[in-house]
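**Q** Below you will find the structure I want to go over with you.
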Amino acid sequence: MSSHLITGIAELTTNDPMRSAAHSGPGADPGDRLLGIIRDAAIVVTDGVIEWVGPEVLAPDADRRTDLGGRAVIPGFVDSHTHLVFAGDRSAEFAARMSGTRYDGGGIRVSVEATRHASDDELRALVGARVAEMRAQGTTTVEIKSGYGLTVEDELRSLQIAREFTPHTTFLGAHVVPAEYSDRRVAYIDLVTGPMIEAIEAAGPGTAAYIDVFCEPHSAHAFDGDEARTILEAGRAAGLRLRVHGNQLGPGPGVQLACELGAASVDHCTFLSDDDVEALAAARGTTVATLLPGVEFSTRSPYPDARRLIDAGVDVALASDCNPGTCYSSSIPFAIALAVRDLGMTPAEALHAATAVSARSLGLDRCVAPGQPAELAVIDAPSHLHIAYRAGVPVVRALEL
């Protein structure tokens, strides 16, 4: 066993409820309380696990020592919504949207065609490069969806490649109806709920942890509420946990369906009724509302109202939705900057959403405390405020120990 003492931490975000309680007195800073801040801190890591956290003046000895020179340390970002297994290029689609073309989900078929024609090695190299790009910006945990294969064989290989990079894999055979099934929707839903799920089961435990569906009646390519229910219930019967793309292009049934079925998250949440907000608040502790502001930036859509959700008591997460069509950005710092500027979140709320709450949606506890994995990121600045303050500047990176 080898211990590693990390010192010179000007500000440490722990997300530890015990540390948060220490900031609960009168006049305490709300951000310090939410994030469980320790200033002038140190951490001891032994074989990849956090052994000790506290003020540097109380730090124990260790076998090795690293001085961060007054930088801030945070839990590594948890990107709980990505689509990294794809080939091809859709930059022209982005340019068209910037000129006024409306997004309707149809471009997904372009990525499907390119992904089907890519070899396993090509896809593996692309995913590896994207994951490395994320680590360079502070992301240490990532969820990866399938959804650009849309055949039994291509969905299964997408999941198997994703599984090489993360245990947090999501089956998204119900991304859109592929072109060859455009006039046979029922047959495609039967394929998703039958042979696709059966192939995932036969491939063994861990091939997919979740099933997801693009529940969006405002897109002719996606799935309505009844179709989404059928798909989610089939996945649940096969032992998969549930996630939902909901309420992205307009008001719809996705949020209500996710809350009713106990989904781990419902993602996008751009267009919400009062009933949707109430359902999410009632589902707190079960269903997380994951906001993806990079999508609104990349599609010229209205931003979701995070302030409304937080004030209602909803669990709000942030993720990148890195994908080739609606947000080809792997940057959680970019999502945080957008959330602070355009979604009504404070810098502390946005950081908490991109770490603790995103982790919760994956069944994880992302805090800096003894017994936790040392999934950490370092900021080339003395405070977490610089993530949003220095938007577009690469100040955050995963801490390599």
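The values are calculated or read from the model by the stated rules, or taken from the named source; none is laboratory data. Owing to the predicted nature of the structure, the values given are computational and were not obtained by experimental measurement. Here the Cβ is made from the backbone with ideal geometry for all residues, glycine too, and neighbour counts use every protein chain on show. Note: areas computed on protein heavy atoms with side chains; ligands, DNA, RNA excluded. Shrake-Rupley method; radii C 1.70, N 1.55, O 1.52, S 1.80 Å.
**Q** When residue 336 is evaluated against the numbered criteria (1) more than 21 Å from residue 223 (Cα to Cα); (2) free of Cβ contacts under 8 Å to residues at least 60 places away in the same chain; (3) open to solvent by 10 Å² or more (accessible area, probe 1.4 Å); (4) in a helix (DSSP H, G or I), which criterion, by number, is the only one it fails?
**A** (3)
**Q** Right, next: Please give the number of the condition residue 180 fails out of (1) in a helix (DSSP H, G or I); (2) of a type outside the set (A, V, I, L, M); (3) touching a residue at least 12 places away in the same chain (Cβ under 8 Å).
**A** Among (1) in a helix (DSSP H, G or I); (2) of a type outside the set (A, V, I, L, M); (3) touching a residue at least 12 places away in the same chain (Cβ under 8 Å), the lone unmet condition for residue 180 is (3).
**Q** So for region 146-166 (the condition being closer than 18 Å to residue 80 by Cα, among the β-branched types (Val, Ile, Thr), in contact with a Leu (Cβ under 8 Å, 6 or more places away or on another chain) and open to solvent by less than 10 Å² (accessible area, probe 1.4 Å)), does at least one residue qualify?
**A** yes
**Q** Is there a residue in region 364-373 that is open to solvent by 20 Å² or more (accessible area, probe 1.4 Å), modelled with pLDDT of 95 or more and touching a Pro at 6+ places or on another chain (Cβ under 6 Å)?
**A** Looking for residues that are open to solvent by 20 Å² or more (accessible area, probe 1.4 Å), modelled with pLDDT of 95 or more and touching a Pro at 6+ places or on another chain (Cβ under 6 Å), one finds none in region 364-373, hence no.
**Q** If I go through region 167-207 residue by residue, how many of them are more than 15 Å from residue 155 (Cβ to Cβ) and either polar (S, T, N, Q) or surrounded by 15 or more Cβ atoms within 10 Å (Cβ to Cβ) (or both)?
**A** Counting residues in region 167-207 that are more than 15 Å from residue 155 (Cβ to Cβ) and either polar (S, T, N, Q) or surrounded by 15 or more Cβ atoms within 10 Å (Cβ to Cβ) (or both) gives 2.
**Q** Tell me, please, whether a residue that is in contact with a helix residue (DSSP H, G or I) (Cβ under 6 Å, 6 or more places away or on another chain) and among the aromatic types (Phe, Trp, Tyr) can be found in region 205-218.
**A** No.
**Q** For region 282-311, name all the residues that are hydrophobic (A, V, I, L, M, F, W, C), crowded, with 17+ Cβ neighbours inside 10 Å and either under 20 Å from residue 249 (Cα atoms) or over 20 Å from the mean Cα position of the chain (by Cα) (or both).
**A** The answer is 288, 289, 291, 292, 295, 297, 306, 309.
**Q** Of everything in region 78-114, what is modelled with pLDDT under 95, more than 16 Å from residue 245 (Cβ to Cβ) and of a type in the set (Val, Ile, Thr)? Give them in sequence order.
**A** 101, 110
**Q** Something else about it: Go through region 329-385 and report how many residues are in contact with a helix residue (DSSP H, G or I) (Cβ under 8 Å, 6 or more places away or on another chain), under 27 Å from residue 54 (Cα atoms) and of a type in the set (Lys, Arg).
**A** 1
**Q** Another question about this same structure. How many of the residues in region 96-147 are part of a loop (DSSP other than H, G, I, E, B) and either more than 28 Å from residue 302 (Cβ to Cβ) or aliphatic (A, V, I, L, M) (or both)?
**A** Final tally of qualifying residues: 4.
**Q** Residue check: is residue 360 of a type in the set (Lys, Arg), outside any loop (DSSP other than H, G, I, E, B) and closer than 26 Å to residue 146 by Cα? Walk me through it before giving the result.
**A** On the way: of a type in the set (Lys, Arg): yes; outside any loop (DSSP other than H, G, I, E, B): yes; closer than 26 Å to residue 146 by Cα: yes.
Answer is yes for this residue.
**Q** Within region 207-255, track down each residue that is under 13 Å from residue 267 (Cα atoms) and among the charged types (D, E, K, R).
**A** 212, 216, 243, listed by residue number.
Yes or no, residue by residue, for (1) open to solvent by 50 Å² or more (accessible area, probe 1.4 Å); (2) more than 30 Å from residue 154 (Cβ to Cβ); (3) touching a helix residue (DSSP H, G or I) at 6+ places or on another chain (Cβ under 7 Å); (4) of a type in the set (A, V, I, L, M, F, W, C):
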residue: 52; (1), (2), (3), (4): yes, yes, no, yes
residue: 61; (1), (2), (3), (4): yes, yes, no, no
residue: 65; (1), (2), (3), (4): yes, yes, no, no
residue: 83; (1), (2), (3), (4): no, no, no, no
residue: 95; (1), (2), (3), (4): yes, no, no, yes
residue: 98; (1), (2), (3), (4): yes, yes, no, yes
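**Q** Got a number for residues in region 248-285 being hydrophobic (A, V, I, L, M, F, W, C) and touching a residue at least 60 places away in the same chain (Cβ under 8 Å)?
**A** 2
**Q** A further question on this structure: Which of (1) touching a strand residue (DSSP E or B) at 6+ places or on another chain (Cβ under 8 Å); (2) closer than 24 Å to residue 387 by Cβ; (3) modelled with pLDDT of 95 or more; (4) not acidic (Asp, Glu) does residue 4 not meet, given it meets every other one?
**A** (2)
**Q** Follow-up question, since we're still on this one. Scan region 33-50 residue by residue and report those that are open to solvent by less than 40 Å² (accessible area, probe 1.4 Å), in contact with a Ser or Thr (Cβ under 8 Å, 6 or more places away or on another chain) and either of a type in the set (A, V, I, L, M, F, W, C) or in a strand (DSSP E or B) (or both).
**A** First, the residues of region 33-50 that are open to solvent by less than 40 Å² (accessible area, probe 1.4 Å): 35-38, 41-46, 50.
Pick out the ones that are also in contact with a Ser or Thr (Cβ under 8 Å, 6 or more places away or on another chain) and you get 35-38, 42, 44-46.
Across region 33-50, the qualifying residues are 35, 37, 38, 42, 44, 45, 46.
**Q** Hey, can you tell me all the residues within region 208-237 that are open to solvent by 10 Å² or more (accessible area, probe 1.4 Å) and either closer than 23 Å to residue 165 by Cβ or without any contact (Cβ under 8 Å) to a residue 12 or more places away in the chain (or both)? Walk me through it before giving the result.
**A** So in region 208-237, the residues open to solvent by 10 Å² or more (accessible area, probe 1.4 Å) come out as 208-209, 217-218, 220-221, 224-227, 229-230, 233-234, 236-237.
Correct list: 208, 209, 226, 237.
**Q** Please find, within region 18-32, the residue that is most open to solvent (accessible area, probe 1.4 Å) out of those that are assigned to a helix (DSSP H, G or I) and more than 16 Å from residue 75 (Cβ to Cβ).
**A** Residues of region 18-32 assigned to a helix (DSSP H, G or I): 18-21, 30-32.
Add one more test, that the residue is more than 16 Å from residue 75 (Cβ to Cβ), and what stays is 21, 30.
On the way: 21: 61, 30: 85 Å².
Ranking the candidates gives 30 first.
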